[in-house]
Amino acid sequence: MAFSSSIVRPASLLAAVALVASLLTSSTAAAFQTPEADSDDDFTLTILHNNDGESKLLPDDEAGFPGVARFVTLVKQLQADAADAGDGVVTLTSGDNFLASQELNISLAREGALYDSIALSGLYDAMALGNHDFDLGPEVAARFISGFEPAVPFLSANADFSGEPVLQALVESGKLAASTIIETGDEQVGVIGAVTPQLPNISTPRNVVISDVLAAVQAEVASLTEKGVNKIILVSHLQGVSEEVALVADLANVDVVIAGGGDDLLRNESDTCMPDEEPAGAYPMLVTDSTGADVPVITAPGGYRCIGELTVTFNGQGSIVSHSGRSVGVSLDTTPDATIQSSVIEPLTAAVAEIDADVIGTSEVDLDGRRTSVRTGSSNQGNLHADALKATAVNLAEGFETPVPDVAIQNGGGIRNDAVIEAGPITTGDTWDIAPFRNFVVVGSVPRETFHVLLEQAVDRVPVAGGQFPQISGFTFTYDPSAPARETDRDGDCSLAGEAGSRIREVSLNDGTVIVSEGAVVPGDPVVLATIDFLANGGDCYPLADIEFTKLGVSYQQSLANYISTDLDGMITVADYPEGGANRIVSKVSEPEPVTVKVKRGDSLWRLAARHLGAGIRWPEIYDLNRGKKQADGRSLINPDLILIGWVLELPAS
């Protein structure tokens, strides 16, 4: 089998959409050039899919989340309709099947299967793994997979699980694999899984080793082809449909690709999935692979809001000869599945209500935890969270014999409520919504040079919202977003892959100690940092993995709850946490270097303006900028008609 890698990859989803715009389909279908085939051998397959359920099990009608019980009802209805109408049907998901949250923590605290596993059991033929499925470590991932009854294969071709015994045991039992073969309508359909190469940097897979997606997928294609399978689907979680579009350009002999991780909306005019939202493209998108074949690429928004339905007809040689597709919204009017309602929704609702009733304090001010706020600048909720980490490390320093922290950092990606908490009562449930991961508070001494690199890494994606953006306590810093950003190998080992970054200009501790001045590190003692173990282990490419940290045995959620109820005595004041983040982090574009010119024989202000500013009439701008400034000879410009050879005059920046 020969593969080509000479296709130019689109750089973004918009580029991808533009590239394939002429090939995008409507909801009614078709537009493939039909290969020569005997129509008696045609096989029609309906593919039902979703992605990024992320533990949105409970309905939230106001926010537009129907809940998993309504979702299950609609999936079963579509499965029955497809079985009646076509030759075969498969139901797949492309990862992020659960997410750290108050609901998941309730699941983790109970005996037996997670509520997410119970809700989704019996629904899918195969499931891919996403980055969030590893957020709580291999043990929780294994518990989620093991909780399915009946068992369902979980797929990831580019992941080696041999370093994690609990996951390797699932590989050996067949519950975790690179690919699987599904029998439907008397035909075999191969399904391959893949996960983002960024997994080690954005989640907690521990000793799971991630390899190149393209090579791993093509190896599974070859294996399935050798077994006589000529209809192959890839379910991948690469963090955005643009990544799958780029991958398809290098693929061969994959018939359909289901993307995950980006919450991207593909929709046709008559489709019911989020009809008021602007789609990224039509459903499906068609992308040309390395052999010249057109491959449908499909995905859906997460949170059990939509179900994709793609119907494809294959000829006897396994080539797609026609297709139709739509993105189906899960209506709030859908009757919830009775079994899921009683076994999942009702007990989970009761448990959440109990936690939400536990008031631990009051806030005088709205707390801004929106994703766009905590990942791009100072936020009062982010400040509160960072202060909680620092206070926890201060309170426990004597007992753990650790130094008292100078500073604390909480990454914006670990703040998950994505909302403004209105002034008023603060509950334990609020702290779980803010801090749902199994992150623990740690403290360690960080060399100043490393601390500087850490901050360069933390602001490297600005103005784009990045999970590594810091919420801070105990210090302030100023940075220049227009300066070169730090460039790391995010798909690899976080090593420097380009610019070292020169955005951080000033860093000072609250006691006045200067750590960085005018972009340069000031020599001195290390900075004692309180943070979370995810970052201390190198998460988000923070350069801390080689530094010894002490784990304090307190989760970052408990740290936040304790800080509000005890350290603040239950009162979050507007004086301590004003809206806007109190300027702990200042984004400041540096002034451009002055442009100067040395006066030569024959020069005048008019001639200099004509030569350098494009119009002699602009001479007063040069005069006003330099009037009265002393030159090297001790004289200064006071007469616009008198400039001397050798003077250095500044020109307007424009």
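The values are calculated or read from the model by the stated rules, or taken from the named source; none is laboratory data. The model shown is predicted, which means the values in this text are computed figures rather than measured ones. Here Cβ is always computed from backbone atoms with ideal geometry, including for glycine, and neighbour counts include all displayed protein chains.
Taking the range 230-256 as the range and being farther than 16 Å from residue 291 by Cβ and either touching an Asp or Glu at 6+ places or on another chain (Cβ under 9 Å) or among the hydroxyl-bearing types (Ser, Thr, Tyr) (or both) as the test, the residues that pass are 233, 236, 237, 238, 240, 241, 242.
Results for (1) under 19 Å from residue 429 (Cβ atoms); (2) in contact with a strand residue (DSSP E or B) (Cβ under 9 Å, 6 or more places away or on another chain); (3) in the same structural domain as residue 90 (by TED's automatic domain parsing); (4) not β-branched (Val, Ile, Thr), shown as yes or no for each residue.
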position	(1), (2), (3), (4)
103	yes, no, yes, yes
107	yes, no, yes, yes
112	no, no, yes, yes
126	no, yes, yes, yes
130	no, yes, yes, yes
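Answer yes if at least one residue in the range 289-308 is of a type outside the set (Phe, Trp, Tyr), at pLDDT 95 or above, in contact with a helix residue (DSSP H, G or I) (Cβ under 6 Å, 6 or more places away or on another chain) and part of a loop (DSSP other than H, G, I, E, B), and no otherwise. Yes: the range 289-308 contains one or more residues that are of a type outside the set (Phe, Trp, Tyr), at pLDDT 95 or above, in contact with a helix residue (DSSP H, G or I) (Cβ under 6 Å, 6 or more places away or on another chain) and part of a loop (DSSP other than H, G, I, E, B).
Of a type in the set (Val, Ile, Thr), assigned to a loop (DSSP other than H, G, I, E, B), over 20 Å from residue 444 (Cα atoms) and over 24 Å from the mean Cα position of the chain (by Cα), is that true of residue 597?
Values: of a type in the set (Val, Ile, Thr): yes; assigned to a loop (DSSP other than H, G, I, E, B): no; over 20 Å from residue 444 (Cα atoms): yes; over 24 Å from the mean Cα position of the chain (by Cα): yes.
Spelling it out, it is not the case that residue 597 is of a type in the set (Val, Ile, Thr), assigned to a loop (DSSP other than H, G, I, E, B), over 20 Å from residue 444 (Cα atoms) and over 24 Å from the mean Cα position of the chain (by Cα).
Would you check if residue 610 is surrounded by fewer than 12 Cβ atoms within 10 Å (Cβ to Cβ) and either of a type in the set (Gly, Ala, Ser) or within 30 Å of residue 469 (Cα to Cα) (or both)?
Numbers: surrounded by fewer than 12 Cβ atoms within 10 Å (Cβ to Cβ): no; either of a type in the set (Gly, Ala, Ser) or within 30 Å of residue 469 (Cα to Cα) (or both): yes.
For residue 610, the condition - surrounded by fewer than 12 Cβ atoms within 10 Å (Cβ to Cβ) and either of a type in the set (Gly, Ala, Ser) or within 30 Å of residue 469 (Cα to Cα) (or both) - is not met.
Condition check ((1) in a strand (DSSP E or B); (2) crowded, with 17+ Cβ neighbours inside 10 Å; (3) modelled with pLDDT under 95) across all residues:
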{"site": "463", "(1), (2), (3)": "no, no, yes"}
{"site": "466", "(1), (2), (3)": "no, yes, yes"}
{"site": "491", "(1), (2), (3)": "no, no, yes"}
{"site": "535", "(1), (2), (3)": "no, yes, no"}
{"site": "554", "(1), (2), (3)": "yes, yes, yes"}
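For residue 216, the stated conditions do not hold, so it cannot be described as touching a residue at least 60 places away in the same chain (Cβ under 8 Å), farther than 23 Å from residue 64 by Cβ and in the same structural domain as residue 330 (by TED's automatic domain parsing).
Exactly one residue out of 245, 287 is assigned by TED's automatic domain parsing to the domain that holds residue 200, within 18 Å of the chain's Cα centre (by Cα) and among the β-branched types (Val, Ile, Thr): that is 245. Pairs meeting the criteria (first residue in the range 305-316 and in the same structural domain as residue 235 (by TED's automatic domain parsing), second residue part of a strand (DSSP E or B) and among the acidic types (Asp, Glu), beta carbons under 7 Å, at least 6 apart or on different chains) are lacking.
Would you confirm, using the coordinates I've provided, whether residue 96 is within 23 Å of residue 337 (Cβ to Cβ), in the same structural domain as residue 328 (by TED's automatic domain parsing) and either under 25 Å from the mean Cα position of the chain (by Cα) or of a type outside the set (Asp, Glu) (or both)? Yes, satisfied. For the range 499-524, a tally of residues being assigned to a strand (DSSP E or B), in contact (Cβ under 8 Å) with a residue 40 or more places away in the chain and either out of contact with any Gly (no Cβ under 9 Å at 6 or more places or on another chain) or within 17 Å of residue 589 (Cα to Cα) (or both) returns 5. Number of residues in the range 431-451 that are part of a helix (DSSP H, G or I) and either polar (S, T, N, Q) or farther than 20 Å from residue 136 by Cα (or both): the value is 5.
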